[in-house]
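Accompanying notes for the structure given below.
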Amino acid sequence: MSYLEIYLCFVKLGCLCVGGGNAMLPLFIEEMVNKRGLLTIEQFGNLVSIAQMTPGPIGVNTATYVGYLQGGIPGAVIGTFGLLTPGVLLVIAAVYYIRRWEHNALVQGVLTGIRPASLGLLVAAIVIFSEMSVFSARLPWSWVCDCFTGTIRAFPAVKVRFPALLICVGAAVGLLKTKINVVYFIIGGAVLGALICR
């Protein structure tokens, strides 16, 4: 990719990334893995795991890494600026116009529509990463759809990786029941995964 292509690619992603880092993961997968083939889904999963443990937002870390792969250090800088450009411009516009448009029906409608879309993207990210970690293969969504249409087929073979499932459930329960910092759960998950999920 040229520097301009890197910039425009991440500007586009930056325009669509409402809802934070995890909400934007399905968009990154569609663009980087499915459409452009810059990374495999396994490489993307590893990238996100590392990006969770390094300082900075996950989207910025991903843009920096992919930009670096495509254009070295200049590509990393350009990818990062591309992702941040729409957000910076929107914040400047919001600060300037917020009082004028605060009670506008159209603006309220846009914000109301963005909330469920962001939730849907978060759920999609959960499904994608569970397919890469807890399950041995992609979940059979076509089988589920066929069941709704009345076509009954045998359930495809999808195995559960029980060590990974235990780490997932343990981390979720620990986060809900304790006040331990999430960083310790990430480090603990990494250590347990290295020991029991090989």
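Observations on the structure shown:
- Filtered residue count, the range 112-129, keeping only those that are among the β-branched types (Val, Ile, Thr) and either in contact with a Cys (Cβ under 6 Å, 6 or more places away or on another chain) or farther than 28 Å from Val160 by Cα (or both): 2
- Among the residues here, Phe162 qualifies as loosely packed, with under 15 Cβ neighbours inside 10 Å and at pLDDT 75 or above.
- Test: Tyr3 is under 30 Å from Val183 (Cα atoms) and touching a Gly at 6+ places or on another chain (Cβ under 7 Å): no
- Taking the range 157-198 as the range and being without any contact (Cβ under 8 Å) to a residue 24 or more places away in the chain and touching a Cys at 6+ places or on another chain (Cβ under 9 Å) as the test, only Gly189 passes.
- Annotation note: of Leu83, Leu47, the sole residue that is of a type in the set (A, V, I, L, M), assigned to a helix (DSSP H, G or I), open to solvent by less than 40 Å² (accessible area, probe 1.4 Å) and in contact (Cβ under 8 Å) with a residue 60 or more places away in the chain is Leu83.
- Filtering Phe129, Phe135 for residues that are within 16 Å of Glu30 (Cα to Cα), among the aromatic types (Phe, Trp, Tyr) and either buried (at least 18 other Cβ atoms within 10 Å of the Cβ) or modelled with pLDDT under 80 (or both) leaves a single hit, Phe129.
The values are calculated or read from the model by the stated rules, or taken from the named source; none is laboratory data. Computed from a prediction, not measured in an experiment: that's the story for all the values here. Don't worry about glycine lacking a Cβ; one is built from the backbone with ideal geometry, like all the others, and counts go over all protein chains shown. Quick note on the areas: whole protein, heavy atoms, side chains included, nothing else; ligands and nucleic acids left out. Shrake-Rupley method; radii C 1.70, N 1.55, O 1.52, S 1.80 Å.
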